[in-house]
Each structure stands twice: as structure tokens, then as C-alpha cells.
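Trainee: Pasting in a structure now, in C-alpha cells, and then I'll have a few things to ask.
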Amino acid sequence: MKCIFLNPRQKKRSNYLTCSLLLSLLMMGCLSNKKIKQKTILAGSDQNALQSTSNTGSAVHEEQAYGFDDHQLIRGNSDPKTPMQPHTADSLRIQLTTPEENEIIAKAILVEEFANPNIVDISSPVADRIVENYLNSTNKEPGGHCLSVSKDRFEKAYKEIYGHLLYQDLPDSMGSKFYTPKEVFNFLYVSASGTHSGWRSLPEIYRGKGNAGAIAYAGMGTLVDSSGVWSGHLRPGALMQVWRFKDDYEQVVRGVNVKKLDPYGHSFIFIGYVRDEKKEIIGLKIADQGFQSYRPLRPRDYQVWWAVNLTI
């Protein structure tokens, strides 16, 4: 499949949006390990692959034709056709933790509530509903792609609270000479980076931040950077976008041919902090499609962390 960014004057908007989103869905290779895929808190300064699977768990890799990330490969499989077993330790865990650290994680105290309400006074019925829906779900690891899963959870909670889709409430000011507000929101959400003027016309402060950037630009939340994330500033239900390598993130922000860059990012929802016996934060409990939600994430798992505390 060929899919390139075109000037919207050259194509009908509907075809252009479909094509662009398909490419965006290919960029970050966030696959499931299942057999069956604005305000800114600056405490310090510091994705979507189209994937179908067979009944046996063998993946039909539409994104591999472009050389995009596949979490199966990231986890160190010598044979990319071999299906991952549920809760197989990912390569980040293998490389970045010791048995002693894993033991500490296993004994850690999961703090479900917001750790330090005096830092940020935030109330969000949508965030509360996201967490409630997740905790009550009988299918917490639905498979599929991380961006699709996090977006579905956000949109479902929003509609349950407000009675309609979030796109209806996007401010007109989000639109540009290239895109409608809905297109801007979706392109930012999936980090649809490119060397074209359309991507570079979007506010740089929100580019590369995925769900966090899109939601903050829509005026529906407050951005939290890496330092804020690990200083206890997150509220359960916050949406997060992370990047394994800072260089990938910076290139995505500037605008890059994602087929050549092959960036590795992940999208998920924050559920709560994990603390040790001294109440120090040592990990994040998250909700994703089943790739990493089986164990807490640690600071060394990713180099770039962005989140958005919802205010809606």
C-alpha cells in the first residue's frame, strides 16, 4: 500500500484524511502480546500500526513493509512470525531491571489515588470514569494497537459523561488552513509526523506528545512532562505518550519521514503510582492493550514521558 501526505488541494479531504491516518497508524508499531494489536507542569525540562492477526497468532505485518517498529521484534524474538505468549517479559524488562529490582516491584505498594493533591488541584469526571471503566472491565487487555485502545477508552468515558463525542466540543481555533479541528486533534493524537507543511504548521509545543498534546491543545487537560510524571504530579486517568529514545521524539516533533525513522513510542493510561516501603515512587501502573500493563513501568523504560491530567 502506498500512502503519502498530499496537499489537501490535490485530493478530496476525505481521501486525504483516510490516507494520512493510515500512515500515522503505521508509525509506532505498538502491538499487543496477545495471540489473537493548556497548561504545562514543567517541574523540570526535560504511534499507530495497522496490524491484523491470524487465528494462530501469526501477525500480518502491514507496517513491516515500511520497516516500522514491531514490539514482537523489540522483545527480542528471533522469528518475528512466532506469536508472543501473554505476559512474556518484554526486552525493556530484560535489559533494564535486576532480580532485586523486580522483587522490590513485586512488593511495592500500589497507590490508586492521586499521590499529592496539594501539587495540582484537578477534578475530572472523565478521568474518574476512565479508571472506573478499566477497573470494572472483564477484558483489561483487549489486544490491538495501543493508540486505538487508549483513544477508545478516552472517547467512551467522554461520551458517557457528556452524552456525545468529544469532537463536538473541539474549539474552532484548533483548525488551520490545512486541517479541520478534528483532523488536527487526530493528527496530534497519533503523532502523524511528516516533512510536509501541514505537520509543521501545527503548534510545536503539542507535536510529538500524542494523546497528551492533542487533549491539551483542545483545552481539555494540563500537560505534565517527564519530571512531573516521576515527581507524583499525575492523576489516575491521565493519558500518556512515551518514547523509547529522545532522538526519535525530537525528530518526530521537527517533522520526519516516519518510514525511515522507525520511531518506537507507546500510548496508554495512567492508573496509579507504585511505591516502595519508603513511599518513594518506583513505578507506574498503567492500562494499555496488554503489552506492558502486566507490570509497572519504571523511569528507565523510556527516555521521554508526556502525560495530560484531564480537566473535563
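Trainee: Looking only at region 265-294, count every residue that is open to solvent by 10 Å² or more (accessible area, probe 1.4 Å), of a type outside the set (A, V, I, L, M) and either under 19 Å from Tyr249 (Cα atoms) or touching a helix residue (DSSP H, G or I) at 6+ places or on another chain (Cβ under 8 Å) (or both) and tell me the total.
Mentor: 2
Trainee: Can you tell me which residue within region 238-264, out of those that are touching a strand residue (DSSP E or B) at 6+ places or on another chain (Cβ under 6 Å) and open to solvent by less than 10 Å² (accessible area, probe 1.4 Å), is farthest from Val131 (Cα to Cα)?
Mentor: Trp243
Trainee: Here's something else I'd like to know. Give, as residue ranges, the strands (runs of 3 or more DSSP E) completely inside region 265-312 that count at least 2 residues that are over 16 Å from the mean Cα position of the chain (by Cα) and within 15 Å of Pro236 (Cβ to Cβ).
Mentor: 265-275, 281-287
Trainee: Something else now. Please give the number of the condition Tyr167 fails out of (1) in a helix (DSSP H, G or I); (2) in contact with a Leu (Cβ under 9 Å, 6 or more places away or on another chain).
Mentor: (2)
Trainee: Can you confirm whether region 164-172 contains a residue that is under 19 Å from Thr222 (Cβ atoms), in contact with a Phe, Trp or Tyr (Cβ under 7 Å, 6 or more places away or on another chain) and at pLDDT below 50?
Mentor: no
Trainee: Tell me whether region 228-250 contains one or more residues that are under 21 Å from Tyr273 (Cβ atoms) and in a helix (DSSP H, G or I).
Mentor: yes
Trainee: Pick from Gly219, Gly232: which is surrounded by fewer than 24 Cβ atoms within 10 Å (Cβ to Cβ), closer than 19 Å to Arg153 by Cα and either modelled with pLDDT of 95 or more or under 15 Å from the mean Cα position of the chain (by Cα) (or both)?
Mentor: So the residue among Gly219, Gly232 that is surrounded by fewer than 24 Cβ atoms within 10 Å (Cβ to Cβ), closer than 19 Å to Arg153 by Cα and either modelled with pLDDT of 95 or more or under 15 Å from the mean Cα position of the chain (by Cα) (or both) is Gly219.
Trainee: Scanning region 299-312 for residues that are touching a Leu at 6+ places or on another chain (Cβ under 7 Å) and more than 30 Å from Ser201 (Cβ to Cβ), which turns out surrounded by the fewest Cβ atoms within 10 Å (Cβ to Cβ)?
Mentor: For region 299-312, the residue satisfying everything is Arg300.
Trainee: Which condition from (1) among the β-branched types (Val, Ile, Thr); (2) within 18 Å of the chain's Cα centre (by Cα); (3) more than 13 Å from Val308 (Cβ to Cβ) is the one that Ile161 breaks?
Mentor: Of the numbered conditions (1) among the β-branched types (Val, Ile, Thr); (2) within 18 Å of the chain's Cα centre (by Cα); (3) more than 13 Å from Val308 (Cβ to Cβ), the odd one out for Ile161 is (2).
The values are calculated or read from the model by the stated rules, or taken from the named source; none is laboratory data. This one's a predicted model, so the numbers in the text were calculated from it and none came from an experiment. Please note: Cβ atoms are built from the backbone with ideal geometry, for glycine as well, and neighbour counts cover all protein chains shown. These area figures cover heavy atoms from the full protein model, side chains too; ligands, DNA and RNA do not enter into them. Shrake-Rupley method; radii C 1.70, N 1.55, O 1.52, S 1.80 Å.
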